[in-house]
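Heads up: the structure comes next, in structure tokens.
Throughout, read-outs are computed from the coordinates displayed, never taken from laboratory work. Computed from a predicted structure; not experimentally measured. Positions of Cβ are generated from backbone atoms using ideal geometry, with glycine treated the same way; all protein chains shown enter the neighbour counts.
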Amino acid sequence: TFERSNINRQIHADERTLGQNKASVIGEHLRAINPDLDLDVITEGVTPETIPSIIDGAEILVNGMDQMRASLMLERAARRARRTIVDAWLTPYASVFVMTPDSPHWEEYLELPTRGIPDDELTEALCREATRKEVQYTLSFGDPWKYITKDLVEGVVSGEVPRPSLGPVVWLSGVMMANEVFKLVVGLPTTNHVGIIYDQYEHRMLLNGHRS
């Protein structure tokens, strides 16, 4: 459901929609734009029970979730079904990466400690360690400590504080993800599993599909 903390960055979050199911609100808005839209709205979230329906109804999976366990469960299922995945890194910069059925998944690429662990054995502690390894990678680009503190990062990784979300960063990443989906649909070249990290503060590319 929409929470007050969502208002700074989620388009459909406002005083009218607080407490309402996000999928329902967005579904109503999309149908208001196009009543003939072929749209399946899944309101139960990402669970072992709903994942098959999510995967079966999509050719391209776009992951905008924060939770490590839910992301791994969903994307593992997408990989088994040979779906292309568009995702974004956990970083204070705008980012996007694309994984095709034949490219490495970021769980493998970053050698996360969750590799080979069944979904039902993905403990909170293990997922936190995976998040820690992810940020060790993403925070190696640019100068992130100009914009965030190490104490904040440790609080996020340990689960003591929620992930901070600056509206422009989230929106830029969302636009970049949508643009990669557009390119996939029309057959244009996209970025890859290494992805793009863009410094929106100094307008420079920190990562462009090639890890040095």
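Tally the DSSP beta bridges in the chain and give the antiparallel ones as a percent, rounded to 5.
Values: 10 of 13 bridges.
Roughly 75 percent of the beta bridges in the chain run antiparallel, per DSSP.
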Using DSSP to define loop residues, name the trypsin sites (Lys or Arg not before Pro) in region 68-117 whose beta-carbon has at most 12 other beta-carbon atoms within 10 Å.
R82, R115
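For region 115-187, just run the numbers: alpha carbon Rg, then divide by 2.2 N^0.38 Å, N being how many residues it has.
Numbers: Rg = 15.6 Å, N = 73, 2.2 N^0.38 = 11.2 Å.
Normalised by 2.2 N^0.38 Å, the Cα Rg of region 115-187 equals 1.39.
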Neighbourhood net charge (12 Å Cβ-Cβ; Lys/Arg +1, Asp/Glu -1) for E154:
+1
Taking a cut-off of 13 Å between Cα atoms, list the aspartates and glutamates near K22, but don't count ones fewer than 8 places away on the same chain.
E3, D14, E44
Which length gain, in nm to one decimal place, applies between S165 and N34 when the Cα-Cα distance is subtracted from 0.36 nm times their residue separation?
44.2 nm
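Give, in nm to one decimal, the length gained when the segment between T123 and E154 is fully stretched (0.36 nm per residue of separation minus the Cα-Cα distance).
Numbers: separation 31, 0.36 × 31 = 11.16 nm, distance 1.84 nm.
Value of the extension gain: 9.3 nm.
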Among I33, I42, I197, which one moves the most in a GNM of the chain with springs linking Cα atoms closer than 10 Å?
I33
26 Å Cα-Cα reach of K150 towards lysines, excluding residues that sit fewer than 8 places from it in its own chain:
K133
For log10 I(q)/I(0) by the Debye sum over Cα atoms at q = 0.13, 0.15, 0.17 Å⁻¹, the listed values are [x] -0.81, -1.12, -1.48; [y] -1.00, -1.10, -1.19; [z] -0.69, -0.94, -1.24; which was obtained by calculation from the structure presented?
[x]
